[in-house]
Amino acid sequence: MNIKSVKSGFGIGCLVFAAAAVIALPVRILQFFTVIESGTGFYTETDWSVYLLYIVLAAAIIAILALGIAKRKKLDYSLEYTRRPGLSSLSLIAACGILLDAYNCFIRFISEETVTTASGSSLDSSKLIIMLEGVFALLSAIYFIMLWLTYLKGNSNGSGFWLLSLTPVLWSIFRLVVRFMRTISYIRVSELLIEMIMISFMILFFMIFAQVNCGINGKGNEWKIAAYGLPAALTALICFIPRLVVMISGNSHLFYSESGLEFCDFGIALFIIATVLTRITDKLPDENTSEE
């Protein structure tokens, strides 16, 4: 009988991720009601919760990256053809969240609700960036719909969509560019800082996911799916869940004015977690090892 344990795959890293989420999420929710200024997103004071949040976030990211590097020769990525109903459902949820982001981008483009850059670039440049984010969000949603059907049927591993697999990378890049366009301090506005960390890790995750899943220079890089994916998922949950709690409690005015509730972050976080749990495995011994 083959008994799975936390030592299989990236189990220890997943425990670090879970522990960090359990600590960071309540702290972040508390900050919205105590030390974050409504509208601007500035900290009104730097209390213990600020230090604790950043220490937990930094420690978790460093630990996950270190564990990934330590296990880089021991991890593999499952490419077998099999039905994956859980991952299939989460792919569809991610697709719906990304479609919503595409819709929001097109609405902003039509209504000309764009932001100017720090260097004073034209409104048309800002609109173009938002439109490109919307276009690649739409293509990314199509990619996740294809993954949904693939995992549902189990007749493929999704490696055939090599061109579409790059669209989430480009979508994430334009999401990051839009945030760089904001004329406000990235350090003082904690929401913006966490979002930029989140999107940076999403870019890394989607890039390596495309390579490994499609078999394009992915050999030996399987560990990066977990090492980049879990920090992306952790920061995505920190961005989404506290905002959801604040909104449900009827305190949406506490949001930073340019950072609303983005369901795409939650959908992607769930997809990443499921991918790490179900497709990152221990590497099997080489066939040419000694039979003894």
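The values are calculated or read from the model by the stated rules, or taken from the named source; none is laboratory data. Every value quoted in this text rests on a predicted model; they were computed, and no experiment measured them. Backbone-built Cβ (ideal geometry, glycine too); neighbour counts: all protein chains shown. Remember, those area values only see protein heavy atoms, side chains included, never the ligands or the DNA or RNA. Shrake-Rupley method; radii C 1.70, N 1.55, O 1.52, S 1.80 Å.
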Which cross-chain or sequence-distant (5 or more) residues have an amide H under 5 Å from the amide H of Gly160, H modelled 1.01 Å from N in plane?
-> none
Hey, with R₀ at 25 Å, roughly what FRET efficiency would Phe42 and Lys127 work out to, going by the Cβ-Cβ distance, to 0.05?
-> 0.35
Dipole in debye (nearest 20) - the chain, about Cα centre, beta carbon charges: Lys, Arg +1; Asp, Glu -1 = 440 debye
Could you tell me what percent of the accessible area of the chain is made up of carbon and sulfur, with a 1.4 Å probe and every protein chain present?
-> 66 percent
The chain - accessible surface per residue (Å², probe 1.4 Å) = 47 Å²
From phi via Karplus (6.51, -1.76, 1.60), per-residue ³J(HN,Hα) for the stretch 269-279 in Hz, x at Gly/Pro = 4, 5, 4, 5, 4, 5, 5, 5, 6, 9, 10
Note, Ile29: beta-carbon cut-off 14 Å, +1 each Lys/Arg, -1 each Asp/Glu, net +1
Find out how many positive minus negative residues lie around Ile238, taking Lys and Arg as positive, Asp and Glu as negative, among other residues whose Cβ is under 11 Å from that of Ile238.
-> -1
Tell me which label goes with the value of Rg/Rh (Cα atoms, Kirkwood Rh) computed from the coordinates here: (i) 0.99; (ii) 1.02; (iii) 0.96.
-> (i)
Where the centroid of each part is defined by its Cα atoms, how far is the stretch 204-231 from the stretch 83-112 in Å?
-> 22 Å
